[in-house]
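Nothing in this text is a laboratory measurement; each read-out follows from the coordinates by a stated rule. Just so it is clear, the structure is predicted and the values come from calculations on it, not from any experiment. Don't worry about glycine lacking a Cβ; one is built from the backbone with ideal geometry, like all the others, and counts go over all protein chains shown.
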């Protein structure tokens, strides 16, 4: 046997004593270390730009329609929140609230401007569709406290990628992100020209119309469309209208709205005579028409804990977990980021329309709970942060 293989330079016990407890000493040194000059300011800026969560309180509620309200949120001083994180127009927040004793979250596009965030206000326009949204519209009141994650999302205008003329297609509450952009154009935070084509199924259903009309002429132009206008004063939106809005100069095309509206907007793109320089689709929430039938049993593994819960007809795996009090990872809740990716053990499922691409992982036994609907009893594993 080659003895040189086992030789250790110096005293073995002395060297071992240097390694023993090294992790504890390192933690102690980090805890007692002084930040370099300017370090505390940099740390504070990093926490402001990338908060783990934000605590907010409802300052004001405005009724847009019977089924739609705007909530103005400010920092919750009692929870230690002194200011709000900045954001880019078009980004969204995920709001979490307790509904029937369970934490439920959902992403909402910011309709306020970056300047308003600097003044301590976020604005969210919410339509009563879905568990959390219906709860907020029907029950939330001034003084209620919530937690937020974000801002995040890449539904934003970027000067290196996008043209200086933005043509925006909006439907219903999908106008919220574009209202934020329009406000930023007026206030000088976005250097672009914006033409907003806003369509609504009924003539009197346009949200924030008074403010949108007030933005006309400040680098923003708003045109309204209705597919079935009773008095004929508004035309339906078509490819020719988009071409007319685009004109002859380079432009970028963004669109946002309900899933039905998003599908209709996407059908217009191949018909356009003038092709846009860039395309951007809004990050809407996942929704699928509910199916009648019995509930299903879900067996959920989260590290060392296993839950057995019920999935009601027409709800996603994510909604079922949140209703049961399981804190599942879900930053975007829109089938796009892939962060909620989970391992399928058994069971069949379907995905929401427009998210069929998420089925590509089925062969590898992966699924995304935010856009997945069970078709029977299931068992899967999640990976909470």
| request: With an 8 Å cut-off on Cα pairs and a minimum separation of 6 or more residues, tell me the relative contact order of segment 205-344 in percent. | output: 14 percent
| request: Treat the count of other C-beta atoms within 10 Å as a stand-in for reagent exposure and order 351, 305, 56 from fewest to most. | output: 305, 351, 56
| query | In nm, what is the difference between 0.36 nm times the number of residues separating residue 53 and residue 381 and their Cα-Cα distance? | reply | 115.6 nm
| note | Per segment 117-208, sqrt(5λ) over the Cα gyration tensor eigenvalues, sorted largest first, in Å, gives 26, 19, 12
| request: Can you pull the one-decimal nm distance between simple spin-label points at residue 61 and residue 231, each 7 Å off the Cα toward Cβ? | output: 3.3 nm
| request: Quote the relative contact order of segment 59-170 in percent (integer), defining contacts as alpha-carbon pairs under 8 Å separated by 6+ residues. | output: 31 percent
| Roughly what percent of Cα-Cα pairs across segment 50-152 reach past 20 Å? | 30 percent
| task | Find, to one decimal place in angstroms, the Kirkwood hydrodynamic radius of segment 165-281, where the mean of 1/r is taken over every pair of different Cα atoms and then inverted. | result | 14.2 Å
| query | Over segment 135-223, what is the percentage of antiparallel beta bridges among all DSSP beta bridges, to the nearest 5? | reply | 0 percent
| query | Hey, rough spin-label estimate for residue 221 and residue 341, points 7 angstrom out along Cα→Cβ, what's it come to in nanometres? | reply | 4.4 nm
| Arranged by the count of other C-beta atoms within 10 angstrom, fewest first, what order do 108, 224 take? | 224, 108
| remark: Listing 252, 112 by rising number of other beta-carbon atoms within 10 angstrom, fewest first, gives 252, 112
